[in-house]
Amino acid sequence: MDVSKRILTNARLATLVDTGAPYGLIEDGTLVIEGGRIAWIGKTPDLPSHYSSCKKEDLGGRVVTPGLIDCHTHVVFGGDRAREFEMRLEGATYEEVARAGGGIISTVKATRAASEEDLLAAALTRVDALIAEGITAIEIKSGYGLDRDTELRMLRVARRIAKERPVTVRTSFLGAHAIPPDYKDRPDAYLDEVCLPALEAAHSEGLIDAVDGFCEGIAFSPEQIRRVFDKARDLGLAVKLHAEQLSNLGGTALAASYGALSADHLEYLDEAGVSAMAASGSVAVVLPGAFYTLRETQLPPMDLLRQHKVPIALATDCNPGSSPLASLLLTMNMGCTLFRMTPEEALAGVTRVAARALGLDDQGTLEPGKRADLAVWNIAHPAELSYRIGFNALEKRIFGGSE
Ligand code: DI6
Ligand code: FE
């Protein structure tokens with residue numbers, strides 16, 4: 001018997017390939033894995049005869065999806081912000097907490113004080129929760145260091161996660177996340193003296209896959225973000241942006257003009273921004289965990305995004321302040337209930353479209369040539385993934401062909 005091959009049969013394959021069928025579903029499907037990649041996929045009766053001598057794993061009619069992808073997280077950080085949660089419940093807004101020196105800056109203090117080992121151990125607890133729900137790829141941002149050493153330490157921790165666990169990690173440099181207290185009212189000096197040099201240093205150590213920023217009244221202006229993006233362009237790095245989360249500053253159109261992989265949050269996005277995204281091919285990453293936690297009422301312009309055919313991804317935004325959420329399944333449910341996504345859009349948003357938001361060409365769908373990153377679910381229909389709340393139906397996760 002040939003053991004280099006693995007054949008999963010009697011499965012309902014939610015391929016997420018645009019075949020016309022919802023979810024790209026193949027009923028009574030079989031999937032062949034060879035060399036860690038999908039070698040063949042189709043209806044069981046059509047399986048080529050040269051596979052007939054191989055042992056088959058009967059999945060008993062279970063649903064198989066691509067491994068899930070969380071394309072926007074801040075899982076590496078020190079401390080927590082439970083006290084801030086209490087303050088907000090007592091009436092303070094997220095911006096008021098930030099302006100009073102809490103918010104992102106309080107996590108910066110805790111992150112600077114934490115060792116690489118402590119940051120790794122804490123991040124792994126969150127990554128493990130995601131992996132337990134079938135995640136096979138995750139994006140991780142820096143941005144709680146805001147000094148060169150801590151930004152680099154966060155990114156090293158992110159890279160180490162891919163060695164400690166069977167998961168693909170994509171890193172984003174987010175030095176332009178907040179203005180540190182020592183540079184209060186001098187954001188350009190912070191960019192010149194800290195952020196841009198740290199970006200170069202991290203890039204030269206091979207620690208970055210993309211460059212992100214936070215374009216907002218409490219963070220950086222479009223002109224300042226432009227300076228960060230110009231440096232990214234010089235270094236040949238892709239960009240993405242936290243944009244239009246609390247107000248509309250036009251960050252999305254700026255990101256689109258740099259061919260951004262994605263623009264993220266987008267509650268205050270207008271039609272001009274949506275058309276700029278459509279023209280650049282950028283993905284809209286919506287983050288219902290932050291919307292929920294901040295008790296936002298302004299919804300991202302979902303219908304405009306659909307009308308302009310902007311692909312929509314969904315992610316946890318797992319972070320200690322605005323989205324202390326380490327469940328991508330709950331995020332899918334929130335995407336449907338809060339943002340009125342369909343369960344099919346939600347599943348595409350954490351697979352095919354999330355892969356695109358990270359520039360991962362060989363993941364996110366079930367088709368020949370793609371990595372064999374799969375999730376097998378003990379459910380009868382893929383809509384159940386979004387429908388249930390606080391319920392994890394993962395039967396097993398396959399990463400690069402192995403469990
Ligand atoms: N927007 C967010 O939602 C996170 N960062 C950002 O730019 C929040 C980060 C935090 O509150 O710690
Ligand atoms: Fe974020």
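The values are calculated or read from the model by the stated rules, or taken from the named source; none is laboratory data. Computed from a predicted structure; not experimentally measured. No Cβ is skipped: glycine too gets one built from the backbone with ideal geometry, and neighbour counts run over all protein chains shown. Please note that ligands, DNA and RNA were not included when accessible areas were found on the heavy atoms of the full protein model with its side chains. Shrake-Rupley method; radii C 1.70, N 1.55, O 1.52, S 1.80 Å.
With both labels modelled 7 Å from their Cα along Cα-to-Cβ, the residue 112 to residue 83 distance reads 1.7 nm.
Classify segment 224-373 from the C-alpha gyration tensor, please: rounded if a/c falls under 1.5, else prolate or oblate depending on whether a/b exceeds b/c. It comes out rounded by the Cα gyration axes. A simple count of charges around residue 43, restricted to other residues whose Cβ falls under 12 Å of its Cβ and scoring Lys, Arg +1 and Asp, Glu -1, yields -2.
Within the shell of other residues whose beta carbon sits under 15 angstrom from the beta carbon of residue 332, the net charge comes to -3, with Lys and Arg scored +1 and Asp and Glu -1.
Cross-link partners of residue 109 among lysines, defined as those whose alpha carbon lies under 26 angstrom from its own and excluding same-chain residues fewer than eight positions apart: 141, 184, 240. Peptides 264-272, 15-23 ranked from most to least packed give 264-272, 15-23, packing being the mean of other C-beta atoms within 10 angstrom over each peptide's residues.
Candidate cross-link partners of residue 396 among the lysines, defined by an alpha-carbon separation under 22 Å and a same-chain spacing of 8 or more, comprise 5, 43, 55, 56, 163, 370. Since only 391, 359, 338 are under comparison, the one whose Cα sits farthest along the positive direction of the charge dipole of segment 320-393, derived from C-beta charges on Lys, Arg, Asp and Glu, is 338. Remark: segment 113-210 carries 36 Å² of accessible area per residue (probe radius 1.4 Å; ligands, DNA and RNA excluded). Length gained on full extension, residue 49 to residue 19: 8.4 nm, using 0.36 nm per residue less the C-alpha separation. For residue 58 and residue 308, a Förster radius of 35 Å and the Cβ-Cβ distance give a FRET efficiency of 0.20, rounded to the nearest 0.05. Per residue, the accessible area of segment 222-328 comes to 34 Å² when a 1.4 Å probe rolls over the protein heavy atoms. Charging the Cβ of each Asp and Glu at -1 and of each Lys and Arg at +1, and nothing else, the dipole of the chain about its Cα centre rounds to 780 debye. Normalising the average separation of contacting C-alpha pairs (under 8 angstrom, six or more residues apart) by the number of residues puts the relative contact order of the chain at 19 percent. Electrostatic tally near residue 60: other residues with Cβ closer than 11 Å to its Cβ, Lys and Arg +1, Asp and Glu -1, net -1. Shown for the chain is the translational diffusion coefficient from the Stokes-Einstein equation, using the Kirkwood radius over Cα pairs, a temperature of 20 °C and a viscosity of 1.002 mPa s: 100 µm²/s. Look at where the Cα atoms of segment 9-47 and of segment 241-278 average out, and the two centres are 35 Å apart. Zone of residue 192 (label point 7 Å along Cα→Cβ, backbone N under 15 Å): which residues in segment 215-250? Only 224, 227-228 fall inside the zone, counting backbone N under 15 Å. Subtract the Cα-Cα distance of residue 362 and residue 271 from 0.36 nm times their separation in residues, and report this length gain in nm to one decimal. Between residue 362 and residue 271, full extension yields 29.6 nm more. Between 0 and 90 degrees, the angle of helix 103-113 with respect to the longest Cα principal axis of the chain falls at about 80 degrees.
Computed in the context of the full set of protein chains, the accessible area of the chain at 1.4 Å probe radius has 51% of its extent on carbon or sulfur. In this Cβ point-charge picture (+1 for Lys and Arg, -1 for Asp and Glu), segment 167-305 has a dipole of about 180 debye about its Cα centre. For residue 125 and residue 182, the difference between the fully extended length at 0.36 nm per residue and the C-alpha to C-alpha distance is 17.4 nm.
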